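Data first, discussion second: the structure below is written as structure tokens.
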Amino acid sequence: MKRGHIILIAGSIILIMGIGISVTSVIGPFLHESTKVINSTVKPGQSINISRHVALNAEATTAQPSLALSITTKQQQQQQQQSNDNVLLREQIKDPHGRIVTNDEFKNQFFITTQPQSSGNYTVTITNLGNQLVTVYALFGQVPFVNEKNQIQLGPAILILGGGIAIIFGIIVLISGGVILVMDSRRIRRKENPK
């Protein structure tokens, strides 16, 4: 086997490993933690609820993953020309004991993280306080790489960064392997066909 082929194989392996590390460190926790995604229309004065189970590890020595809520809204087509001042929503997160963890009013977009204190079902209630029909896109789940202060935790962030570096290094090795393969094939052709 020629050295160009070996370098191409090594570059492919590094690239695949980098993609695997990146995908598993970013997407894996979301799938494992059963993140809830909601796309729902909320009439004025009505509410929707999103509930998910949170299991805390009592033996963990590091910070537990924070609970994140991201909400984006969109007005119905015929109402988009009207002012966005009429779009007002309230989010409220309750812990398994019924205590209110967060309670905020917002327009259009909202993001918050909070640290769960106990295992159980956490419920988000999104209420349309305005007078227009609103479509709500909500994501509710545990985010393993963001803590309750919206700071990135280094462990998962290092995996994501490492995966990205491996992808870049794999691409560079693939390009180098391709160049070496072309140079070797030209050198072999010159030896076979001297002028």
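The values are calculated or read from the model by the stated rules, or taken from the named source; none is laboratory data. All values reported here derive from a predicted model rather than from experimental measurement. Note that we place each Cβ from the backbone using ideal geometry, even for glycine, and neighbour counts take in every protein chain shown.
Within the range 89-98, is even one residue at pLDDT 80 or above and exposed (fewer than 13 other Cβ atoms within 10 Å of the Cβ)?
Filtering the range 89-98 down to residues at pLDDT 80 or above leaves 89-98.
Adding the requirement that they be exposed (fewer than 13 other Cβ atoms within 10 Å of the Cβ) leaves 97-98.
Taking every residue of the range 89-98 in turn, at least one turns out to be at pLDDT 80 or above and exposed (fewer than 13 other Cβ atoms within 10 Å of the Cβ).
Do we have residue 63 as modelled with pLDDT under 75 and either in a loop (DSSP other than H, G, I, E, B) or over 19 Å from the mean Cα position of the chain (by Cα) (or both) here?
On the way: modelled with pLDDT under 75: yes; either in a loop (DSSP other than H, G, I, E, B) or over 19 Å from the mean Cα position of the chain (by Cα) (or both): yes.
In short, yes.
For residue 38, all conditions in the list (1) in the same structural domain as residue 135 (by TED's automatic domain parsing); (2) at pLDDT 85 or above; (3) under 21 Å from the mean Cα position of the chain (by Cα); (4) not charged (D, E, K, R) hold save one; what is the number of the exception?
Looking at each condition in turn, residue 38 falls short on (2).
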